[in-house]
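Notes to accompany the following structure.
The values are calculated or read from the model by the stated rules, or taken from the named source; none is laboratory data. Owing to the predicted nature of the structure, the values given are computational and were not obtained by experimental measurement. We place every Cβ from the backbone using ideal geometry, glycine too, and count neighbours over all the protein chains shown. To get the accessible areas, we keep the full protein, side chains included, count just its heavy atoms, and leave off ligands, DNA and RNA. Shrake-Rupley method; radii C 1.70, N 1.55, O 1.52, S 1.80 Å.
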Amino acid sequence: MTNIDRSQLSADAWDELNFPRPEEQEFDRVVERAISRRGFLGGVLAFGSGAAAMGTGLLSGTSVQAQAAASRFPFTPIAAQTDGTIHVPEGYTWKTMVRWGDPLFSDADGYDVNAGGGAVEGSDRVFGENTDGMETFSIGNRTILAINSEYTNRGTNLPADQDGVPANAGDVLKLQNLQGVTVVEVAEGEDGWSVVKDSPYNRRITHNTPMLIVGPAAGHDLLKTDADPTGTQSLGTLNNCGSGKTPWGTYLTCEENFNGYFGSTAEMQDQKPDPLVDGYTRYGIGADGWGYDYHKWDARFDTSKNPNEPHRAGWVVEIDPLDPESTPIKHTGLGRFKHENAEVVVANDGRIVVYMGDDERGEFLYKFVSNGTWAPGGPTDGLLDDGTLFAAKFNDDGTGEWLALTPETTGMEAAEILIFARKAGSAVGATTMDRPEWISVNPNAVEAYCCLTNNTRRGVRPNAGGDETPVNGPNPRLENQYGQIVRWFPHDDDHTSATFDWDLYVMAGNPTVHSDAYAGSPNITPGNMFNSPDGMAFDENGLVWIQTDGDDDNEGDFAGMGNNQMLVGDPVTGEIARFMTGPKGCEVTGVCWSVDRRTMFVGIQHPGGTWPDGEGLPRSAVVAVKREDNGIIG
Ligand code: FEO
Ligand code: CA
Ligand code: CA
Ligand code: CA
């Protein structure tokens, strides 16, 4: 298992390999419901009050066609592509801005990616690998981007071993250096956007950067290690997936598949008391890890020596990108799970609301509501820690509620609710979801959207906590290979509200292959097909940009969908149009805009072939997309 490079497999395939299905599938005992496409959508529309508020024709085929004439999209949608480069609509351009291994400082100029990343030296002075969530910040006339590097392709970075298995502590350190977060100043010149080398704002935050642990769980026994008996200081941030931005101008980076970095040099069953084993199982922490082999060379990641270390990851981390000396902060108030992103919104009364997804099959959607309120320029202490964490329950009638995770509702003590948030969600009966990825709030309406990327085990087997995963309202398809986007409308137009209405904005599918629910919702046509929505962000115009991380083999169920891509959706009409296609093999993830909104920065993760250089190793990168007339782009 450890000889297989994670990067060679989809997340689904990897998970399947690590957690094989039992021979007798629970699916065999599930009665497959024959739901006609029209019947399914009729049901959604009938009980979605948000849909009702905007007219019952919302998302129906005729409505979409009628609205197309009045499209708010200022471009001609592009066709699906299967080649090795990027495509954007006529009248738009794209250009690579920064690639994995590009030096941020003059002293890293010699870093040689084509030699497989070269030496350890300099690996923490270059742009990290596998770009993901990112946000824009500014100070004076300067543009500063904070950009996640989610994971590494071991085989690429450690070419001395065909399988990318670390052979020594230096190999591990190199991998650790190339992940985390990059803070980088960029500037637009005559040749487009590029890195401002040696900017005082340039900074790498890696798997070893010192950070603080704060909030209600800080200092708990489960967070203490020999190196940190206080349980309040940790090293590094792991598997930085999606992002968020606070209204006070800091960056939130979200720790997702942190479990993959831990392993054990001793037999798992011999080393821990039961409560820890329970937590390990729920969070997928095993003896082998995902092949990074940190635990063989860095005892911090060896759970037989440091059983509490995994509890110090899986958090949302706050970084001040405009203060290079600042210490990143892990906020325990936001719960510990496989965080996708953190969408922050200021409620009507000034309280802070953070929406968060836990990206694993059958896991939950969460919301944090602060006790305190925020005002521009006011104090921010405690606003991401002192408050209540909720998990979402969706009812099939189109309503839903946020279930508070408290000692009274869960039977768990307060700190353990946060450290084992998944268990708390199970205790209150939260709805098992089809892998919640990014959440984004519409700036022009009180509504939030979440990409439910896919779940090929829906209706087949329970989640890691044993919660059954029957087909349910927002997750309506068995063995869902395509994904959907759910949205919710908080009651009283208040994001702190405990109740909401919901509907499905889109069900991805393939109408050229299927004629049932797997054809997708009527706003899916042969001209805009995609699968596995993942990254997502609203622009200031209130259009929602949707990025995909799905199957790009362009065959069978996925025929005609082509490479992973970025589309744009109109929340009012339901219209969805393809704006960009990525190079074969890639995931399109991470999107943010320049301050003047004339540039859209888009991330290309794990490209195949030799993109973008046409030679050498494929390199993840951030590209700058512009209109040829330099008009506003979102
Ligand atoms: Fe890192 Fe769920 O995507
Ligand atoms: Ca993602
Ligand atoms: Ca994904
Ligand atoms: Ca990814």
*How high is the relative contact order of region 181-294, in percent, with contacts defined as C-alpha pairs under 8 Å that are six or more residues apart?*
17 percent
*Which ³J(HN,Hα) values in Hz, rounded to whole numbers, follow from the phi angles of region 348-365 under the Karplus curve 6.51 cos²θ - 1.76 cosθ + 1.60, where θ = phi - 60° and Gly and Pro get x?*
4, 8, x, 5, 9, 10, 10, 8, 8, x, 10, 7, 8, 4, x, 8, 10, 9
*What residues qualify as long-range amide H neighbours of N239, i.e. H under 5 Å apart, gap of 5 or more or another chain, H built at 1.01 Å from N?*
G180
*Tell me, what % of the accessible area of the chain is carbon and sulfur with a 1.4 angstrom probe?*
49 percent
*Enumerate the amide H contacts of V486 below 5 Å, restricted to partners 5 or more residues apart or on another chain; note that Pro and chain-start residues carry no placed amide H.*
C450, L452, Y505
_Charge dipole of the chain about the Cα centre (unit charges at C-beta), most positive-ward option of S71, S620, W290_ = S71
*Rolling a 1.4 angstrom probe over the protein heavy atoms, how many square angstrom per residue are accessible across the chain?*
34 Å²
_All aspartates and glutamates inside 12 Å of K393 as judged from Cα atoms, apart from same-chain residues fewer than 8 positions distant_ = E363, E401, D501
*Can you spot the aspartates and glutamates whose alpha carbon is less than 16 Å from K245's alpha carbon? Ignore those fewer than 8 places along the same chain.*
D132, E135, E255, E318, D320, D323, E340, E343, D381, D385, D539, E540
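Normalised by the residues of the chain, what does the relative contact order come to in percent, with Cα pairs under 8 Å and at least six apart? Before the final figure, lay out the partial values.
Details: 1742 pairs, mean separation 99.2, N = 634.
This gives 16 percent for the chain.
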*For region 134-145, what does the Karplus curve 6.51 cos²θ - 1.76 cosθ + 1.60, with θ = phi - 60°, yield as ³J(HN,Hα) per residue in whole Hz, taken in order and with x for Gly and Pro?*
7, 9, 9, 10, 8, 8, x, 8, 8, 10, 10, 10
*asked:* If you take every residue apart from A624 with its C-beta less than 12 Å away from the C-beta of A624, what net charge results, scoring Lys and Arg +1 and Asp and Glu -1?
replied: +2
_Charge tally in the Cβ shell below 10 Å around T410, where Lys, Arg are +1 and Asp, Glu are -1, T410 excluded_ = -2
_Cross-link pairs beyond the 29 Å C-alpha cut-off, checked among K296/K367; K197/K224; K174/K626; K174/K197_ = K296/K367; K197/K224; K174/K626
*What length, rounded to one decimal in nm, is gained on full extension from K95 through to H491, with 0.36 nm per residue of separation minus their alpha-carbon distance?*
138.3 nm
*Dividing the alpha-carbon radius of gyration of region 6-627 by 2.2 N^0.38 Å (N being the number of residues), what value is obtained?*
0.90
*Under 1.5 on a/c is rounded, so check that first for region 157-287, then, if it is not, pick prolate when a/b is larger than b/c and oblate when it is not; a ≥ b ≥ c are the square roots of the alpha carbon gyration tensor eigenvalues.*
oblate
*asked:* Give me a comma-separated list of calculated 3J(HN,Hα) values for region 461-471, in order, Karplus coefficients 6.51, -1.76, 1.60 applied at θ = phi - 60°, integers in Hz, x for any Gly or Pro.
replied: 8, x, 6, 5, x, x, 6, 5, 10, x, 3
*If one computes the Cα centroid of region 78-130 and of region 362-379, what distance in Å separates the two points?*
35 Å
*asked:* Taking amide H atoms as placed 1.01 Å from N in the peptide plane, list the residues 5 or more away in sequence, or in a different chain, whose amide H sits under 5 Å from that of S138.
replied: I144
